[in-house]
Structures are given as structure tokens and as C-alpha cells.
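Notes for the one structure printed next.
Bear in mind these aren't lab numbers, they're just calculated from the coordinates by the rules spelled out. Treat the numbers as computed from the prediction; the structure is a model and nothing was measured. Methodologically, a virtual Cβ is constructed for each residue, glycine included, from the backbone with ideal geometry; neighbour enumeration extends over all protein chains shown.
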Ligand code: SF4
Ligand code: SF4
């Protein structure tokens, strides 16, 4: 049986405990205590990987050939392109981005229905940056009690020095965070130089400024309030969780009645909880998991680490607080065994999410690897609708855009189809009118042409005549077509 004599009991007043909830209560500082354990290690790893991905990605290079950007991940707003390693997305292919967002949404539904608020506890940017800020704070000001003491201490040289150093490091992290974001939208090395030489665009400075401010304030000061009061996700996810979703749970049937297990006292009527409050002290949200499931709980599982550390030290049974489902909790409380994990994971809801996610992913992959890299768009002149030439022919004007979505130059043939007697002239080319024209398409560019098409009136129907512009890549089999209209007089 665990004994309190071996463990320091921490006096805490949970900020968000039920007795203290009030609409207008001023925020009380939360200084989570240092804790070690499986979930804390997992959080370190995830935090390290996510921060590395965020800060390093814009600096990765990818050779796409001459004249093409060599940044591996780039949202090129100026040329309206999105580059992701070997994939290039043009504006008309925006459905890929929509598909990715849908997949991210379904993936989040799947994760939540299996692992509860795992996103909130481990991967949400707010959680990751708050964790980083708390780490800096703990490193400079000491652990929980030292930080509370420093809060209450009068302002003096040592306190000012610690606080100024802390704010400076927080600010550096915030600037690096805001800076890293803008590097996704332009060539990172070039933009970095421009930012320092004050040659970058004002929107870049504004974006860095806004993100620096939000990171600094959200990560340093607002912390758990962002999750509790500003983020809609805790409310939405409630609809995605059910009695089979894993969530951090206090096994009150085991722990209660809680009490201090003094060696001298009779503990036969007490539960396993020795009321040491370590689980509350480590909680970044300042809540007491023993009050039951709460909106504030982000499922970070640090209270599991804290309680298991206590139980290990005192010789008590582990997992008084654990990841469990409501069904398993009820079964355990009735003396029945925990439900098998595979039943928790593989159930109708998660299978539907997984199948949906996989189908969209496979469909997107198929479309991605079979998509056209040559396209043609045509805009017909509206005014005038047509021109009657002196030789009796009819002329229509068009703006033709030929898109080369490859990273290499291409030779293509523009052709008229289904317009008997039709000929075309390209403005700026001193050639005779013909049914075909040859062009060199620059790499990854749109070639815009002014084209006049003429046709003998005898070959035309009154009003609208359907015909085609076709573009053929002369070095391959790729072709693109555009169905256009040629207007003739109504009589
Ligand atoms: S109660 Fe536990 S799981 Fe929930 S936020 Fe606090 S420490 Fe994390
Ligand atoms: S649940 Fe565990 S950590 Fe929390 S007070 Fe009880 S024994 Fe201590």
C-alpha cells in the first residue's frame, strides 16, 4: 500500500476546479511542476520533431532545373504556385489543397475517436510552444515552488534580471517563429537578407510582427486560457468521442476515498490515492483530474507520469490515473477485465473514418500521377462579337493561354479543329494565316496569345458555331483541347 510519508504532499488550489469557477475570476498563475515518465518523454520527442520540421523546412533545397525555385516547400504567391518537393500545384489544381484539408480533418476525427484529445495534448502548436516557453521559464526561474516564490517576491535586482532574460528568450523564440512562417512564402535565404537589410515588403514585416506578438502573448501569458476560452476544438471534439475513445482517467473506484496513508494510521478504509496532489502540480491546465473529465483537460497524460512516479516510490499499484475508455473504466469498476485494445481501435466509427481517409488519399494520388501538365484556356472577345471583312469572311478575336506546367521548355502545335475553312493569325507574328501554328513554351510558364480566327461565311451556320483549339506537345503524346465558339451573323 502506498504511504504518504514517502512523498511530499503539495498544497494546491486548482485554478479551474469546480469550486473556483467564476465568469469574471482573475487568472491565477499556473506553474506546472517538472515531471519525468513515459508520456513526458513522448512529449519531448514530438515537440522536438514538430519544431524541427517547422523551423527547418523552408531551408530545404530541391533542384527543379534552371529558372525554377529550388526551395523544397514553397507557397509562391507571386507566381501563384505551390511547390512541395517534386510536386507542383497550379492555381487550377487547388482541389489538391482542398483534398489535403479534407484528409487532415478526417484524420483528426480518426485520431480523436481513438485517442481522444491526443492532438491537443501533443501536437497542437499552442501546446508545443507553451511547453517550450514553460521549459525556458523553468530553466531560468526554477521549478514550480521557486516560480511561485519569485512571483510573490518584491521587485529587486535578481527578479528583474531573471524576468528580463526570460522575456528576451521568449521574444527570440517568437521572432524565430514569425520569421519561419514568412520563409514558406519566398526564397528563404533571399528573404532573410532582405529582412535584415530592410528591403523586404511591408507585408513580410507585418506578418512577422503579428506572429511574433501572438506567439509571445499566447505562449508566455495566455497559455491554458487559449485552449479553454478561445479554441473551439474542445467543444467540437466532444461530438467525436464515444465510450470507446481512450482518454486520461482517474480510477476513482480504486483511488477513493483518498487520504494520507500515514504509517501510523489505519489505511484499510482508504483507497489508493494518497492525496499527494502531484497530479495537480504537474498539470499545465491547472486542473485536478480526480474531479472527473473536464473540458480543460488536454489529455497530455503528465498526471499519469506524476502518479506512476508516486506509486513507484511508495510501492503502490501503477495506473491509478491511466489512458482508458469509458467502457473499460466501467468494466474495471465492476471487477471485470479491461476491454482488448483492438476492440477499442477497430470499430465501425474508426473504420469508416479510415476507409474514407484512405479512399480520398488514393484518389488524390491517382489524380496526381495521371494529371495533365499541358493545358489551354481561351477567352473570346465579346465586343465586337464578330467582324465582317471586306472579302466577305467573318473574323472572331480570342485570347489563348497555353499552360506549360512542366519544369522544362516544350515545343507545341496550336491547331484549329472542326471549323471548315477556318484560319488563324497570331498578333505579332508575320506569317500567313494557317490552321496550325508552332510555339516554344517556356518552362513552367503561361504563353498568352492574341489570335484572330477567320472563316468563310458560306461554311458557317448563323449564330454560334462550335469548334476546338488543340495544343499538342511535339515531343510527346500530351494534348489539350478547348471547346470554343465562333460567332457569325444571325442571318
Ligand atoms: S489533467 Fe492530466 S491529462 Fe489533463 S491536462 Fe492535466 S495533466 Fe494533462
Ligand atoms: S491521483 Fe496519484 S498523484 Fe494524484 S493525488 Fe492521488 S496519488 Fe497523488
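In terms of the mean number of neighbouring beta-carbon atoms within 10 Å, the peptides 168-174, 189-195, 106-112 order highest first as 106-112, 168-174, 189-195. Across q = 0.09, 0.17 Å⁻¹, the range 343-491 modelled as identical point scatterers on its alpha-carbon atoms has Debye log10 I(q)/I(0) values of -0.41, -0.94, in the order of the q list. Protection proxy ranking for 226-237, 443-454, using the average of other Cβ atoms within 10 Å per residue and placing the highest first: 443-454, 226-237. Based on DSSP H segments of at least four residues, each scored -39500 (n - 2.57), the chain has a per-residue ellipticity at 222 nm of -11500 deg cm²/dmol. Three principal axis extents of the chain based on alpha-carbon atoms, in descending order, are 116, 60, 42 Å. Computed as a quarter of the hull surface, the mean projected area of the alpha carbon convex hull for the range 156-256 stands at 12.5 nm².
For the chain, the longest principal axis of the alpha carbon atoms and the long axis of helix 95-115 meet at an angle near 20°. Relative to the longest principal axis of the Cα atoms of the chain, the long axis of helix 302-314 makes an angle of roughly 30 degrees.
Fewest-first ordering of 84, 366, 185 by other beta carbons within 10 Å of each residue's beta carbon gives 366, 84, 185. Ordering 406, 438, 78 by the number of other Cβ atoms within 10 Å of each residue's own Cβ, fewest first, gives 78, 438, 406. The distance linking the range 311-329 with the range 42-83 is 42 Å (Cα centroid to Cα centroid, whole angstrom). When each of the peptides 269-281, 285-297, 472-484 is scored by how many other beta carbons lie within 10 Å of its residues on average, the order from highest to lowest is 269-281, 285-297, 472-484.
Normalising the average separation of contacting C-alpha pairs (under 8 angstrom, six or more residues apart) by the number of residues puts the relative contact order of the range 373-481 at 34 percent.
Once C-alpha pairs closer than 8 Å and six or more residues apart are averaged by separation and normalised to the residue number of the chain, the relative contact order reads 17 percent. The range 121-193 and the range 353-393 have Cα centres spaced 49 Å apart.
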